[in-house]
Amino acid sequence: MRLTIRERDDRKPRNSNYEKDIVYVTKHSKWILRSIGIWPTVLDGAARFLPKIAFGLSNLILFFTVIPCILHIVYEQKDMIIRLKLFGLLSFCLTSLMKYWALAVRKPKIKECIEEVRNDWKQVEPYKDREMMLKYGRMGRNLTIICAAFMYTGGTIYHTIMQFATGMFVDEHNRMIKPLVYPTYSTLFDVQTSPIYELVYLVHCMCGYLIYSITAGACGLAALFATHACGQIDIVMSRLGDLADGKESSDLNRRLIEIVEHHLRILRFSATVQTVFQEICFVEFVGSTFIICLLEYYCITDWESSNTISLTTYTMLLISLTFNIFILCYIGELLMEKSSKVGLSCFTINWYHLPTKTIHGLILIIAMSNSPAKISAGKVVDLSLSTFGNILKTSLAYLSFLRTAVI
């Protein structure tokens, strides 16, 4: 009989280090997602409203930044080149906002996946199985750290050094114009007067933190769940390899039942992960294709104009976004490859020494492995390394069209 998450969680822990292991693999994703109100937490009293307050304030900050930017592009900005640069910035903000809403909608499923991860660490057998989980847990942790480092570094440079490197200038009305990260619609309020300028700049920096946290947090969470599933698959393949060592038929049947139950639990977990990330990956898939194209164009124009600071900033952002979509495609490829290897493992054991009834059970495992777990972008395209190559090729094709159209 299949145990629920709560029933399995109530059992006595097999891994005495499970609390330390859980903190090790989830710490960085938890830091990022908790700051934007997405990480599921159990709080008492008035504190239970903090995630909702964080989500509401975050949306308010994003709307305060995005709406004036849209009005400025539509009604005030006439220079086509500047419009094109602002369009890339606006596109990144809007895609981050859509990913944020998707994360919020899928929060109950995220909580379910986190509880499953916690319980697997709690019930993992010591030594060999724990080492396999730590191997993939370390991989997910490192991918999260690298993604966050790229995103926050590029974002910090864009929001500080690049803006102030351009310096203040005098407009046609002989007014001193101070730099802003995101343009505002002048009809709403005079942003150049103090302290309005300082407050708006602070909100823009908070908006920058939010959009980079959404991107890094979603990528890190996907890496956490996918690598955890891969670790569980390795445990199943290890137990399949030891299956032929059973001496008694009753022991053999019990071990096969445990393997099948574990495999089914992995497939259910992978299906939940797919549900969580299908909208997020679709937005990332479409948005990254266009934004990477625009960043490539910005790098070319800044190279031609010898604008070193702007070129460095856009190059860092280009690397960050490219690496971000690469991580999603890489973990999608890894999960697909690992889950398909379960069936192959059934061939590599000494299955011809097993009873006929047990061999029939292995055939069912092989049949289930023919439909491997995967992460798809809105059920339109599966994320894999070939998908990543197609994204880069498509962005280069758009870049060629863009340069021809602008020139």
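The values are calculated or read from the model by the stated rules, or taken from the named source; none is laboratory data. Worth saying up front: this structure is predicted, and the values here are computed from it rather than measured. No Cβ is skipped: glycine too gets one built from the backbone with ideal geometry, and neighbour counts run over all protein chains shown. SASA here: full protein model, heavy atoms, side chains in, ligands and nucleic acids out. Shrake-Rupley method; radii C 1.70, N 1.55, O 1.52, S 1.80 Å.
Some values worked out for this structure:
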read-out: Mean accessible surface per residue for the chain, computed with a 1.4 Å probe while every protein chain stays in place, in Å²; value: 49
read-out: Degrees between helix 196-241 axis and first principal axis of the chain (Cα, 0 to 90, nearest 10); value: 20
read-out: THR358, THR312, ranked by accessible area, largest first (probe 1.4 Å); value: THR312, THR358
read-out: Theoretical FRET efficiency, 1/(1+(r/R0)^6), r = Cβ-Cβ of MET80 and TYR197, R0 25 Å, to 0.05; value: 0.40
read-out: Ratio Rg/Rh [Cα only; Rh per Kirkwood] for region 106-154; value: 1.11
read-out: The chain - percent relative contact order, Cα under 8 Å, separation 6 or more; value: 21
read-out: Above-threshold pairs, the threshold being 22 Å between Cα atoms, out of LYS78/LYS393; LYS52/LYS99; LYS135/LYS374; LYS135/LYS379; LYS122/LYS341; LYS99/LYS135; value: LYS78/LYS393; LYS135/LYS379; LYS122/LYS341; LYS99/LYS135
read-out: Cleavage-rule hits, trypsin sites (Lys or Arg not before Pro), region 49-138, DSSP coil, Cβ neighbours within 10 Å at most 11; value: LYS78
read-out: Of all accessible heavy-atom area on the chain, the percent that carbon and sulfur account for (1.4 Å); value: 64
read-out: Gaussian network model of the chain, springs between alpha carbon atoms under 10 Å - residue of PHE347, PHE87, PHE49 with greatest fluctuation; value: PHE49
read-out: Positive-end residue of TYR24, LEU399, CYS147, charge dipole of the chain with Cβ unit charges; value: TYR24
read-out: In range of the label at VAL105: residues from region 49-89 whose backbone nitrogen is under 13 Å from the point 7 Å along Cα→Cβ; value: none
read-out: Separation in nanometres of the label points that stand 7 Å from Cα toward Cβ, at VAL380 and LEU60; value: 3.4
read-out: Ranked order, THR187, THR160, THR26 - accessible area, probe 1.4 Å, largest first; value: THR187, THR160, THR26
read-out: 9 Å beta-carbon shell around THR26, net charge (K/R +1, D/E -1); value: +4
read-out: Base-10 log of normalised Debye intensity for the chain (one unit scatterer per alpha-carbon) at q = 0.13 Å⁻¹; value: -1.09
